[in-house]
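Report on the following structure.
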């Protein structure tokens, strides 16, 4: 064996392999580390975005009475604003998932300002009309204009018309209404005369900055570890 071959063989077992030679000998090692790091950073990015999201999406409100289930959705995005028209619709389904259209239901909608006393007349009684929303056709819907910011209750009562088969029901959905574009953005007066803060004031600036700073710190540590592992 020649002296050059001996030196090459000894260098493989001496632990002093140059960085460029390591990359040629172990190309997959660097790739797997980079892929794992990228996945980790993507996870952290999603976490920071979810924490710093000021206006999270609201889920549909669901109620069940007897053999009927009701789902309420209010456009836009389940975030109605005072003084602005909001489209409310109710997806009614029988046990088993069969949809109950408005043509099979004698339904009435009443809107109350919370809190309200028993026997108190409703604040609004919007007229229900058949609407098409998402995968539903002909379900009850109505346009509602909430007068002021605050908490409201939407009460939907229904009885089957002749030929329809489901039990009479009563659903009560609680809805929070924010200030409209013409309202004061700092101190808003709700329907009960109390002062409430605008949603934009609920999350302070430091609560947004802290997760971002933490993410930057973790990113610096990960990058330093990558540099140290590559040397």
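Fully extending the segment from residue 161 to residue 133, taken as 0.36 nm per residue of separation minus the present Cα-Cα distance, adds 7.9 nm.
Which FRET efficiency value, to the nearest 0.05, do you get for residue 226 and residue 77 by plugging their Cβ-Cβ distance into 1/(1 + (r/R0)^6) with R0 = 41 Å? Given R0 = 41 Å and the Cβ-Cβ separation, E is 0.55.
Note on residue 170 and residue 143: the extension gain reaches 7.7 nm, defined as 0.36 nm multiplied by sequence separation minus the Cα-Cα distance. With the simple model of a label 7 Å out from the Cα in the direction of the Cβ, residue 60 to residue 125 spans 2.8 nm.
Could you state the per residue volume, in Å³, of the convex hull enclosing the Cα atoms of the stretch 61-201?
Details: hull volume 15.6 nm³, N = 141.
Taking the convex hull of the Cα positions in the stretch 61-201, it is 111 Å³ per residue.
Every read-out reported here was derived from the displayed coordinates using simple, explicitly stated rules and does not represent laboratory data. Bear in mind the structure is a predicted one, so any value in this text is a computation, not a measurement. Cβ sites come from the backbone with ideal geometry, for glycine too, and all protein chains shown count toward neighbours.
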